[in-house]
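> Before anything else, here's the structure in question.
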């Protein structure tokens, strides 16, 4: 198995697991506005953020550098589970297309800049794992807590959950 195939397999597994959690979001806009704390994202806000994380894949694999000064404005919070899932599915489709690269392209260096100044340079594999996979997993963990606090059953993630024994 090549580098690309290993990363694509991992990506597919993690986004499928993430989608199962996003499917548990309430459709009701008022419930999506719930926050566990004043400084926290809302339930809909964290769902929206998670739905956009795969979009970084394009910036990583279709470019050799990204300047934060060129970053788009923050995504407006989606107001329904349907809108969040639709955005997530669109993000995944674009990411899968961007992942259609050679192993050499996966290993190539990538740089993050801020106003032209280099913040760091790393192989794309490291950037993808950190900015996309680990970031997705981190916020998915937060979402599972949000769901629990709202008495919404948490699906199996890496093994059985307290709500699902599978």
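All of the numbers you see were taken from the coordinates with simple rules; none came from a lab. These figures come from a predicted structure and were not determined experimentally.
> Relative contact order for the chain using alpha-carbon pairs under 8 Å, separation at least 6, rounded to a whole percent?
28 percent
> Tilt of helix 43-52 relative to the longest C-alpha principal axis of the chain, in degrees (0 to 90, nearest 10)?
Its long axis makes an angle of about 30 degrees.
> Ok, one more. How big is the range 3-149 in terms of Cα radius of gyration and Dmax, in angstroms?
15.9, 47
> Using only the alpha-carbon atoms, how far is helix 81-98 inclined from the longest principal axis of the chain? Give it as 0 to 90 degrees, nearest 10.
20 degrees
> Next question. Could you calculate the contour length gain from residue 33 to residue 97, that is, 0.36 nm times the residue separation minus the distance between their Cα atoms, to one decimal place in nm?
Stretched fully, the residue 33-residue 97 segment lengthens by 19.8 nm.
> Report the antiparallel proportion of the DSSP beta bridges in the chain as a percent, rounded to a multiple of 5.
Rounded to the nearest five, the antiparallel share is 65 percent.
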